[in-house]
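Data first, discussion second: the structure below is written as structure tokens.
The values are calculated or read from the model by the stated rules, or taken from the named source; none is laboratory data. In this text the structure is predicted, and so the values were computed from the model without any measurement. We place every Cβ from the backbone using ideal geometry, glycine too, and count neighbours over all the protein chains shown.
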Amino acid sequence: MKECEKCQTAFTWMDIFKLQWKKNSEILRCTNCGTEHEQTRSSKIAVSLLIGLASGVIVFFTAPLHFLLSILVIILFFIVLSALSVFIIDYRSKYHSNYNNDF
């Protein structure tokens, strides 16, 4: 799991998962020292590609199913996908400082 660049406090899976579903989920704040971390551009691209490609595949395979069943499969798929995307998302300190000298 990811950790704070300043104090090395680990971010929990639930902290990152909740942040995905908030409206302005750009900043992940350390609960120990308050350092702000932002999502890297490469992880934004990776998650976008993952969701886009997965959407196309899941719609293709659920099209022959009954409408309500396909909707339930799609919803379940996106819940699982968002839970797993926590491991893809990477955060860096907003200020990219060398924090090793602070402690």
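Those residues that are out of contact with any Ser or Thr (no Cβ under 9 Å at 6 or more places or on another chain) and either among the hydrophobic types (A, V, I, L, M, F, W, C) or not in a helix (DSSP H, G or I) (or both), I need them from segment 38-56; list them, please. Thr40, Ile45, Leu49, Leu53, Ala54 - these are the residues of segment 38-56 that are out of contact with any Ser or Thr (no Cβ under 9 Å at 6 or more places or on another chain) and either among the hydrophobic types (A, V, I, L, M, F, W, C) or not in a helix (DSSP H, G or I) (or both).
When Phe103, Phe77, Phe61 are checked against the criterion of being in a helix (DSSP H, G or I), at pLDDT below 80 and more than 13 Å from the chain's Cα centre (by Cα), Phe61 stands alone in meeting it. Residue pairs whose Cβ atoms lie under 7 Å apart, sitting 6 or more positions apart in sequence or on different chains, and linking a residue in segment 67-83 that is over 19 Å from Leu50 (Cα atoms) to a partner that is in a helix (DSSP H, G or I), are Ser70/Thr62. From the list Ser25, Ser42, the lone residue that is surrounded by fewer than 15 Cβ atoms within 10 Å (Cβ to Cβ), within 16 Å of the chain's Cα centre (by Cα) and modelled with pLDDT of 80 or more is Ser42.
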